[in-house]
Amino acid sequence: MGPYICFYYKKDSVYHNLLNTNIISENEVVFSEEYIKNNKTIVSSFLDELITNNKVSKAKFKDQSIAIIILDVLTKNKMLKELYIEDISPLTYDLFLKIKNCKSIKYVNCYCIPKFILDQFDKNKIQIESRDEIFFTSSFMENNSLVSYSKIYYKKSIIIDKLLSEDDIKDIKTFVQINKYLKEIHLEFFDKDTINQLVSIIYGSNHKNIKLIIHENITDVKLINYLKKINKKYSKKYKVELKLVYSDEYISNNLFTQLIVNNIKMCCAIILLIFIAFFGVVSFNNYKDRKSVNNIQDDLAKIVEQTKDNTLNINKISDTENTKKINSLFNELLDINSDTVGWLTVNNTNIDYPVVQTDDNDYYLNNDYYHNKNYNGWIFADYRNDLEDLDQNTIIYGHNKYLNQTMFGSLNNVLDNGWLGNPDNQIIVFNNLYDEMEWKIFSVYKIKNTNDYLTTSFASKASYKKFIRLISTRSVKDFNVDVSTDDKILTLSTCIDTNKRLVIHAVLQK
């Protein structure tokens, strides 16, 4: 038998109706294709024994189609290591899938292979050797720049600019087999057969709600009506919507279409009015909430003014000598809101508020310092934090009320180069009830929603060091501030939009 086991089609007419196995000689066995498909277990056992007894590690196929049939029964074979495909057509994605399922195969030799399939062989650690090189197997692949598996997988829109060849049809079938995000097919011409081919291919895949957009200067009303008619059928049965980009001539000559345009304009006007009304309501609510916050700030400013001369004076909570002593300002604030735990000030922003804390992170999202309902909420500390002894990471939250500049609405200033470049701005004042503290900024960044910066304490110095490295490397600016595992961190967190957060980290200055 030699080093190979060879598979090829036997075309002699005498074997035309062969349904069973026939031994022609000691070196040749014939199966009908029907017999293989209907008796996979028997054929698999026979070939496994044949390959094992003869210590065969290489298989040669004259044609890719027979390779697909045979590999389907050799998935559990552990002897075959190498495959040789002799035909001169590009290796198909269907054959790749069969090869991938044969876990023992580590080497494949073929005439040529598309780059996107080559990527998958490499991913599955199968060495591939081609006897020729190609970049694209069809004009469809070339026109849409489908050079890699990832480009095929994530492609949302493709273009068809000429009649489909057999290679184009094969590659489009492979494309829809791999792709998961297709939404639009742009057809640069009108052809009934091409439309039917594309709809048939899409229907055979898992894709739904695909738009087939026809870019053709069609002015024939009958043809347009025909497209409208088949669009109802395709959208209902095949989940494919036909959309015609109307020609200027057709629009100018077609009253019905013009009426549609007028209706669209009217709808746009209505939407604009709704938007203006909505914006007015939002503006009024912002003004009302801003005024409410201003009133609270005015009250607090009076308390600060009354106690500023006595900032260093402290009142004893107990006669016990070792009991901590509270700043006189906070004595006044605690009478107003017993949730008060500190005061936060950020230079060149509107942030100059007492900080509160309760047993969850929800209450002060919609309530102000006086416990009144207010969509501005208030500045609050994470409920997990110990504000007396301070955790490794103290976290403070606030709404980003950009329109009325309340709460953390002015925190966006820190993203300006002018603000970042001013050393005075890099010092944040956050005092708890007992200590006056300054914190130096070492990291500022925007990030998609994540919880990885919201850990308050760490089980080991190694994990804390890893955390410090993580948040430092995200910064939009290198502040040249050293942070060690012996330091304590202050984190300010606010939303930018529904999917992003603005985060500031500062280290306590000893």
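The values are calculated or read from the model by the stated rules, or taken from the named source; none is laboratory data. Everything numeric in this text was worked out from a predicted model, so none of it was measured. Positions of Cβ are generated from backbone atoms using ideal geometry, with glycine treated the same way; all protein chains shown enter the neighbour counts.
Listed values, structure above:
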item	result
Which listed residue is assigned by TED's automatic domain parsing to the domain that holds ILE201, within 19 Å of THR92 (Cβ to Cβ) and small (Gly, Ala, Ser), from SER165, SER145, SER157	SER165
LYS466 being among the charged types (D, E, K, R), at pLDDT 95 or above and assigned by TED's automatic domain parsing to the domain that holds ASP416	yes
Elements of type strands (runs of 3 or more DSSP E) contained in the range 92-211, each with 1 or more residues being in contact with a Phe, Trp or Tyr (Cβ under 6 Å, 6 or more places away or on another chain) and among the small types (Gly, Ala, Ser)	none
Options TYR93, TYR107, TYR111; residue that is closer than 24 Å to THR52 by Cα and either without any contact (Cβ under 8 Å) to a residue 12 or more places away in the chain or in the same structural domain as ILE42 (by TED's automatic domain parsing) (or both)	TYR107
Residue tally, condition part of a loop (DSSP other than H, G, I, E, B) and closer than 22 Å to ASN385 by Cα, over the range 405-420	1
Close pairs (7 angstrom Cβ cut-off, 6 or more residues apart or separate chains): more than 14 Å from GLU241 (Cα to Cα) and without any contact (Cβ under 8 Å) to a residue 40 or more places away in the chain in the range 179-205, surrounded by fewer than 18 Cβ atoms within 10 Å (Cβ to Cβ) and among the hydroxyl-bearing types (Ser, Thr, Tyr) anywhere	ASN179/TYR153; LYS180/TYR153; TYR181/TYR154
The range 301-348 - residue that is modelled with pLDDT under 80 and hydrophobic (A, V, I, L, M, F, W, C) and, of those, surrounded by the most Cβ atoms within 10 Å (Cβ to Cβ)	VAL304
Of all residues making up the range 421-447, the number that are part of a helix (DSSP H, G or I) and either surrounded by 17 or more Cβ atoms within 10 Å (Cβ to Cβ) or free of Cβ contacts under 8 Å to residues at least 12 places away in the same chain (or both)	3
Where ASN225 falls short, out of the listed (1) of a type outside the set (Gly, Ala, Ser); (2) part of a loop (DSSP other than H, G, I, E, B); (3) without any contact (Cβ under 8 Å) to a residue 12 or more places away in the chain	(2)
First in the range 3-16 and at negative phi, second anywhere and modelled with pLDDT under 75 and in a strand (DSSP E or B), Cβ under 8 Å, 6 or more apart	TYR15/ASN22
Any hit, the range 152-168, residues being surrounded by 15 or more Cβ atoms within 10 Å (Cβ to Cβ), at pLDDT 90 or above and charged (D, E, K, R)	yes
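For every residue, the table says whether it meets (1) buried (at least 17 other Cβ atoms within 10 Å of the Cβ); (2) β-branched (Val, Ile, Thr); (3) outside any helix (DSSP H, G or I).
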| residue | (1), (2), (3) |
| --- | --- |
| ILE36 | yes, yes, no |
| LEU50 | no, no, no |
| VAL56 | yes, yes, yes |
| ILE69 | yes, yes, no |
| LEU80 | yes, no, yes |
